[in-house]
């Protein structure tokens with residue numbers, strides 16, 4: 001699909017104008033918006049859902065009961081306000097995920113989620129050895145990690161042979177909903193570029209040789225760009241959702257990239273920092289970067305690239321801590337943390353409660369709290385959790401700057417964690433980086449609507465719907481203290497890595513402790 005010289009249809013001067021539907025399926029909730037072609041939000045809706053965790057390190061969604069049910073529920077809430085004026089549909093979702101399906105695109109098991117699901121550790125090591133870490137990085141732009149789809153396919157083939165025998169296709173969150181709406185088996189280039197090592201980033205297409213070896217008998221989906229119209233709503237889908245039959249549907253993409261588009265992060269040096277269940281970073285890039293500590297991917301438009309980084313937890317930590325407090329409100333927790341001095345009176349948290357993604361790529365990393373005394377209270381711990389994620393952001397931003405040989409030109413903060421102001425201020429203080437706050441905080445669904453507008457010819461790919469509404473500046477008075485504590489943060493992982501791995505092994509399987517780690521009787525203290 002060509003976007004150069006893209007013709008944008010003039011809005012008709014009448015009371016009823018075309019509307020775009022953008023829907024995003026997240027880890028713990030789904031959101032949808034109806035948007036005018038100039039970016040005005042007409043209506044919005046949201047619904048929550050649960051993520052299944054059948055074993056430590058496993059994260060799954062039932063595609064029918066979560067992804068599709070949420071989409072239909074959100075349509076039921078919004079479409080009565082739209083009538084027959086929906087000019088296009090865009091969908092994003094968590095990813096990259098693996099949803100195995102039969103030849104009729106029917107799911108065969110719950111979807112295995114993105115990098116938070118760490119079950120394929122063995123397959124990552126085997127594929128890296130088979131193809132070579134350097135060859136994978138050069139060809140695919142990213143190293144093999146828990147984020148990659150290839151190892152998840154290899155895990156499915158090994159551990160669930162009955163499912164594998166019936167697997168003919170694979171889907172992600174956005175492509176599953178697109179398939180339900182249109183009957184088309186298609187995946188956007190960006191999502192495909194995260195299906196490492198099945199996609200050749202430099203050639204811009206499937207790496208069919210490796211794909212045939214990793215997933216024999218599995219048909220690869222047709223590739224399209226996120227704003228490309230790939231089909232139209234079928235009569236059957238219209239009956240289930242209320243969308244008018246024949247409505248154009250674009251390919252969509254993974255949520256973080258839709259959200260980056262929603263705030264205009266597309267140019268090289270632009271950075272989006274997403275405060276969500278996990279912390280995610282997307283930077284526009286002029287070319288693919290082959291750095292083993294990061295992900296290099298396609299952008300959302302032809303010829304564009306991005307460099308990405310992602311922590312395994314962020315908002316998940318604050319929700320976990322809130323649960324420990326008897327569900328005390330976030331407002332109260334933030335107030336207590338704000339009343340605590342910068343540095344939490346000498347507490348440092350490693351936020352690796354679900355392992356860590358970039359730049360460590362260590363699914364067996366574990367969380368830690370160092371410096372506790374009897375004088376520390378709830379506010380100290382909550383602030384230390386926020387600061388721990390900020391240290392992780394600094395680690396990732398420094399890594400991106402090293403890889404690209406340039407500092408960020410502009411950082412935009414998005415996501416629910418930007419509300420309240422404390423978390424963003426801590427991140428700016430720790431990183432020394434100012435952050436823009438956008439006017440519209442609707443998130444990935446807003447970017448989905450923009451993709452639909454581009455696909456429907458109602459907006460151009462250079463449209464900028466979202467203007468800055470505020471700015472967070474770093475407080476220089478906190479720089480020295482956070483500099484010292486950041487050094488402790490970096491050292492703490494290095495010095496406790498082996499012990500964390502041992503604990504992770506004990507948590508994941510009932511396997512015996514390795515003989516060299518069993519204390520000898522003469523080293524045990526007497527009772």
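The values are calculated or read from the model by the stated rules, or taken from the named source; none is laboratory data. Computed from a predicted model, the values in this text were never measured in an experiment. Glycine also receives a Cβ, built like all others from the backbone with ideal geometry; neighbour counts cover every protein chain displayed.
Scanning region 463-476 for residues that are in contact (Cβ under 8 Å) with a residue 40 or more places away in the chain and either farther than 30 Å from residue 453 by Cα or assigned to a helix (DSSP H, G or I) (or both) yields 472, 473, 474, 475.
When residue 494 is tested against (1) over 30 Å from residue 364 (Cα atoms); (2) free of Cβ contacts under 8 Å to residues at least 40 places away in the same chain, only condition (1) is not met. Of the set (1) more than 20 Å from the chain's Cα centre (by Cα); (2) buried (at least 21 other Cβ atoms within 10 Å of the Cβ), all apply to residue 421 but (2). Say whether the condition of being within 28 Å of residue 346 (Cα to Cα), touching a residue at least 40 places away in the same chain (Cβ under 8 Å), in a helix (DSSP H, G or I) and in contact with a helix residue (DSSP H, G or I) (Cβ under 7 Å, 6 or more places away or on another chain) is met by at least one residue in region 396-409. Taking every residue of region 396-409 in turn, at least one turns out to be within 28 Å of residue 346 (Cα to Cα), touching a residue at least 40 places away in the same chain (Cβ under 8 Å), in a helix (DSSP H, G or I) and in contact with a helix residue (DSSP H, G or I) (Cβ under 7 Å, 6 or more places away or on another chain).
Residues are listed down the side, and each one gets a yes or a no for (1) at pLDDT 95 or above; (2) under 30 Å from residue 453 (Cα atoms):
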position: 279; (1), (2): no, yes
position: 286; (1), (2): no, yes
position: 326; (1), (2): no, no
position: 330; (1), (2): no, no
position: 336; (1), (2): yes, no
position: 348; (1), (2): yes, no
position: 351; (1), (2): yes, no
position: 359; (1), (2): yes, no
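Inside region 278-294, can you point out the residues that are more than 12 Å from the chain's Cα centre (by Cα), over 16 Å from residue 435 (Cα atoms) and in contact (Cβ under 8 Å) with a residue 40 or more places away in the chain? Once the filter is applied, which keeps residues that are more than 12 Å from the chain's Cα centre (by Cα), over 16 Å from residue 435 (Cα atoms) and in contact (Cβ under 8 Å) with a residue 40 or more places away in the chain, region 278-294 yields 285, 288, 289, 290, 291, 292, 293, 294. Scanning region 310-326 for residues that are under 28 Å from residue 399 (Cα atoms) and crowded, with 16+ Cβ neighbours inside 10 Å returns 310, 311, 312, 313, 314, 315, 316, 317, 318. Within the option set 178, 116, 149, being at pLDDT below 95 and surrounded by 20 or more Cβ atoms within 10 Å (Cβ to Cβ) holds for one residue only, 116.
If the condition is being out of contact with any strand residue (DSSP E or B) (no Cβ under 6 Å at 6 or more places or on another chain) and within 22 Å of residue 33 (Cα to Cα), then region 246-299 contributes 254, 257, 261, 262, 264, 275, 276, 277. Mind telling me which of the residues 360, 386, 370, 381 ends up being touching a residue at least 60 places away in the same chain (Cβ under 8 Å) and surrounded by fewer than 18 Cβ atoms within 10 Å (Cβ to Cβ)? So the residue among 360, 386, 370, 381 that is touching a residue at least 60 places away in the same chain (Cβ under 8 Å) and surrounded by fewer than 18 Cβ atoms within 10 Å (Cβ to Cβ) is 370. Can you name the residue in region 25-64 that is within 15 Å of residue 174 (Cα to Cα) and surrounded by fewer than 16 Cβ atoms within 10 Å (Cβ to Cβ) and, of all such residues, is nearest to the chain's Cα centre (by Cα)? Among them, the one singled out is 29. Among the residues of region 410-455, those that are without any contact (Cβ under 8 Å) to a residue 40 or more places away in the chain, closer than 16 Å to residue 467 by Cβ and not in a strand (DSSP E or B) comprise 439, 441. Just checking, does region 324-346 include any residue being in contact (Cβ under 8 Å) with a residue 40 or more places away in the chain and under 22 Å from the mean Cα position of the chain (by Cα)? Checking region 324-346: not a single residue is in contact (Cβ under 8 Å) with a residue 40 or more places away in the chain and under 22 Å from the mean Cα position of the chain (by Cα). Within region 194-213, track down each residue that is more than 19 Å from residue 90 (Cβ to Cβ), in a loop (DSSP other than H, G, I, E, B) and touching a residue at least 24 places away in the same chain (Cβ under 8 Å). Selection gives 195, 196, 197, 198, 201, 202, 204, 207. Summed over region 84-118, the residues that are outside any strand (DSSP E or B) and under 24 Å from residue 231 (Cα atoms) give a count of 12.
Filtering region 250-265 for residues that are surrounded by fewer than 24 Cβ atoms within 10 Å (Cβ to Cβ), under 19 Å from residue 462 (Cβ atoms) and free of Cβ contacts under 8 Å to residues at least 40 places away in the same chain leaves an empty set. Residue count for region 178-193 satisfying the condition of being over 17 Å from residue 206 (Cβ atoms) and assigned to a helix (DSSP H, G or I): 5.
Out of curiosity, is residue 233 in contact with a strand residue (DSSP E or B) (Cβ under 6 Å, 6 or more places away or on another chain) and buried (at least 19 other Cβ atoms within 10 Å of the Cβ)? Considered against the rule, which asks whether it is in contact with a strand residue (DSSP E or B) (Cβ under 6 Å, 6 or more places away or on another chain) and buried (at least 19 other Cβ atoms within 10 Å of the Cβ), residue 233 comes out as no.
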